[in-house]
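Where a number appears in this text, it was derived from the coordinates with a stated rule and is not lab data. Keep in mind that what you see is a predicted model, and the values were worked out from it rather than measured. Cβ placement follows ideal geometry from the backbone for every residue including glycine, while neighbour counts extend to all protein chains displayed.
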Amino acid sequence: MKKGHPQICLYQPEIPQNTGNIARLAAATGCRLDLILPFGFTTEDKQLRRPGLDYWPFLDVELFENIESMLTLYADNVVFLSKHASAKCYTEIPNSTEVLIFGQETKGLPEELHQRFPDKFYHIPMFHTGVRSLNLANAVSVVVYDQLRKRKCFS
């Protein structure tokens, strides 16, 4: 992981192609990828490995058995991204935030996290009422590149 770059955390990812694309993004941007078990696929899944192709050796990845083990390390420096967060836009995430946590593709993040950390939830605005949300890999890209821009990580 490059110094000053955020960590990307996926909570119990379900779709291997999304996780593979996010892994490729993490490798390309120098961000560490944290994955919280269990997954909705196996790590041997071709659909997980294909999007990363030859980028897997460049990936800094850490697996966590559950969300609590991850929060024990970073609880004071995390934010959560959710379509159910109504008040704060992702552009308001402090650029000192260490970990960006994204929920499952179909269920998002557990309600218990919304209750425990209501002030740490952010959303990406949707401008058409018929669109529920962005694809997870696209949402991660939007937020990560905004954070890199704010942190002046581009040369």
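Overview of values
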| quantity | calculated |
| --- | --- |
| Partners for Lys107 among lysines (Cα-Cα distance below 21 Å; same-chain residues under 8 apart left out) | Lys83, Lys88, Lys120 |
| Ordering of 105-115, 71-81 by burial proxy (mean other Cβ atoms within 10 Å per residue, highest first) | 71-81, 105-115 |
| Efficiency of FRET between Ser86 and Arg151 - r from beta-carbon atoms, R0 30 angstrom, step 0.05 | 0.70 |
| Gyration tensor verdict on the stretch 64-155 (Cα atoms; rounded if a/c is under 1.5, prolate if a/b is larger than b/c, oblate otherwise) | oblate |
| CD proxy at 222 nm, helix term only [per DSSP H run n ≥ 4: -39500 (n - 2.57); per residue of the chain; nearest 500] | -9500 deg cm²/dmol |
| Unit Cα scatterers, Debye sum, the chain: log10 I(q)/I(0) for q = 0.13, 0.14, 0.19 Å⁻¹ | -0.55, -0.65, -1.25 |
| Of all DSSP beta bridges in the chain, antiparallel share, percent nearest 5 | 5 percent |
| The stretch 65-107 shape via C-alpha gyration tensor axes, a/c threshold 1.5 | oblate |
| Rg followed by Dmax, in Å, when the stretch 105-155 is reduced to its Cα trace | 13.6, 40 |
| C-alpha center-to-center spacing [the stretch 54-84, the stretch 85-146] in angstrom | 14 Å |
| Potential lengthening between Asn66 and Leu37 on full extension [0.36 nm per residue; Cα-Cα distance subtracted] | 9.9 nm |
| Proximal lysines relative to Lys2, as straight alpha-carbon distance under 19 Å, when same-chain residues fewer than 8 apart are discounted | Lys150, Lys152 |
